[in-house]
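Novice: Below is one structure. I have some questions about it.
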Amino acid sequence: MLPKRPMNQVTGDQAVNIFREAALEMGWIFRELNKDYGIDAEIEVTDPCGRVTGAILRFQIKGRKKAQGSSVSVSVSALRYWMISPIPVFVVQVLLESKQILILDVRDYVENIKRLDLEIISSKTVSLDFSHALQPSQWRDCLAEIAISHQKAALDLSSYTIYNPVLEFISCNRLFRQHGGDIDAMIRWYRSEVPDRQLMYEFGHAVYLRERIIGEPGFLDALRDYVFADDPENNPKHCR
């Protein structure tokens, strides 16, 4: 007997296709992803003239034959991952028979609607209450506004984190005094140990430092001298 395709795979593909059609009808760019870590697709919104904007949102897409309650179950680990994503993540519920699309803003749901503390949740899954989802009449304008607002905030934050002298001092000192000049170790530390709020404000500068260290020979040594300018006896360069 030949293998049979699982029904949840069939409904999943149908849901993706319905959501893709809705996005394309609005003139947006739809990109199906490899479904890593619960992200099925991303959308790039366009402006009213149809021009691309670079403003991107990401989605997990779930399909149902028909309405069966108003909740969707997701893993807590996926929810934590979505919350630290630099791109806003949404969960989409597609009702296949009616082709109705309901969209839930993950960050707004966790931080404002339910006020969930994901660090202390002991269960492996959480039920997302879709009674708080954006309705079909709302979600086009809401998604476009969220995407453009987030893009502007990210660009402003990038400028702030890269050119802010206080963050520069903190990142450079942390790189050498806490991580021995190992920029990859510092980035791993940020990803695994640092609270979300600190991560949001400091991680951009760490990535900026890594790019310069990789791309500019001698930059790491110059950075080390800068950090230990007032403390030369502890400069690792002189302790070799």
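Novice: Quick one: MET186 ticks every box in (1) under 30 Å from GLU21 (Cα atoms); (2) at pLDDT 90 or above bar one, so which box is it?
Specialist: (1)
Novice: Can you tell me which residue among LEU128, LEU116, LEU104, LEU157 is surrounded by 14 or more Cβ atoms within 10 Å (Cβ to Cβ), in a helix (DSSP H, G or I) and either modelled with pLDDT under 90 or of a type outside the set (Val, Ile, Thr) (or both)?
Specialist: Unique residue meeting the criteria: LEU157.
Novice: Same structure again: Are any residues in segment 11-32 small (Gly, Ala, Ser) and in a helix (DSSP H, G or I), and if so, which ones? Write out each step before concluding.
Specialist: Taking segment 11-32 as the starting set, the residues that turn out to be small (Gly, Ala, Ser) are 12, 15, 22-23, 27.
Residues satisfying the conditions are GLY12, ALA15, ALA22, ALA23.
Novice: Using the structure shown, decide if ILE39 is of a type in the set (A, V, I, L, M) and under 16 Å from the mean Cα position of the chain (by Cα).
Specialist: Yes, satisfied.
Novice: ASP40 is checked against (1) in contact (Cβ under 8 Å) with a residue 24 or more places away in the chain; (2) buried (at least 18 other Cβ atoms within 10 Å of the Cβ); (3) over 30 Å from GLY204 (Cα atoms) and fails just one. What number does that condition carry?
Specialist: Condition not satisfied by ASP40: (3).
Novice: Given the condition surrounded by 16 or more Cβ atoms within 10 Å (Cβ to Cβ) and under 22 Å from LYS124 (Cβ atoms), answer yes or no: does some residue in segment 14-37 qualify?
Specialist: Checked segment 14-37: no residue is surrounded by 16 or more Cβ atoms within 10 Å (Cβ to Cβ) and under 22 Å from LYS124 (Cβ atoms).
Novice: Considering each of ARG58, ARG20, ARG51, ARG31 in turn, give the residue that is at pLDDT below 90 and not assigned by TED's automatic domain parsing to the domain that holds PRO195.
Specialist: ARG51
The values are calculated or read from the model by the stated rules, or taken from the named source; none is laboratory data. Since we're looking at a predicted model, the values are computed, not measured. Glycine gets a Cβ as well: all are built from the backbone with ideal geometry, and neighbour counts include every protein chain shown.
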